[in-house]
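The values are calculated or read from the model by the stated rules, or taken from the named source; none is laboratory data. None of the values given here were measured: they were computed from a predicted structure. No Cβ is skipped: glycine too gets one built from the backbone with ideal geometry, and neighbour counts run over all protein chains shown.
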Amino acid sequence: MKQKIKILYVEDEENWHLTVIPCLEERFAVTAFKDINKAKAAFRREKFDIVICDGTINASNDGYNWAWDLNKNQQKVILLSSIPSVEIPSVPKGPFNPVELERMIDKLLGTDTPRH
């Protein structure tokens, strides 16, 4: 059996957790945090294929800053943001579009997994 791709998901808003995580869990092994410091600790302990991170966590730019550092160090990262980034792959924060997020993941991984 093929091992699932591991995603670290960091988002401080409960409604996003309730919407995004079930969609991701259909295809991926998801570890989720609302606290960026706990997410960073998990990232140091284990390897993740992709990090999906909200740009503004707890009303600060910690998510943007961390995503920037991860991207600079060759970690695959997707930024959830209302302001798209040119340097980091981004998914607009607004009405959640699971297909768009999965396409971004597939693009970063170089895979083309069929949708259900």
Quick check on the range 75-82. Is at least one of its residues among the hydroxyl-bearing types (S, T, Y) and more than 13 Å from V10 (Cβ to Cβ)?
yes
What are the residues in the range 76-95 that are more than 12 Å from V51 (Cα to Cα) and modelled with pLDDT of 75 or more, if any?
S81
Restricting to the range 12-35, name every residue that is within 12 Å of the chain's Cα centre (by Cα) and of a type in the set (V, I, T).
V20, I21, V30, T31
Kindly indicate whether any position in the range 18-25 is touching an Asp or Glu at 6+ places or on another chain (Cβ under 8 Å) and either modelled with pLDDT under 90 or of a type in the set (K, R) (or both).
no
Restricting attention to the range 97-114, does a residue exist that is more than 18 Å from K6 (Cα to Cα), at pLDDT 90 or above and either surrounded by fewer than 16 Cβ atoms within 10 Å (Cβ to Cβ) or under 14 Å from the mean Cα position of the chain (by Cα) (or both)?
no
Please go through the range 57-68 and pick out each residue that is hydroxyl-bearing (S, T, Y) and within 16 Å of L8 (Cα to Cα).
Y64
I'm checking my understanding of the structure. Among residues of the range 55-75 that are in a loop (DSSP other than H, G, I, E, B), at pLDDT below 90 and under 14 Å from the mean Cα position of the chain (by Cα), which one is surrounded by the fewest Cβ atoms within 10 Å (Cβ to Cβ)?
T56
Here is a check on your reading of the model: is I7 within 19 Å of G110 (Cα to Cα) and either surrounded by 12 or more Cβ atoms within 10 Å (Cβ to Cβ) or polar (S, T, N, Q) (or both)?
yes
Here's a check for you: in the range 1-54, which residue that is among the hydroxyl-bearing types (S, T, Y) and in a strand (DSSP E or B) is farthest from E100 (Cα to Cα)?
T31
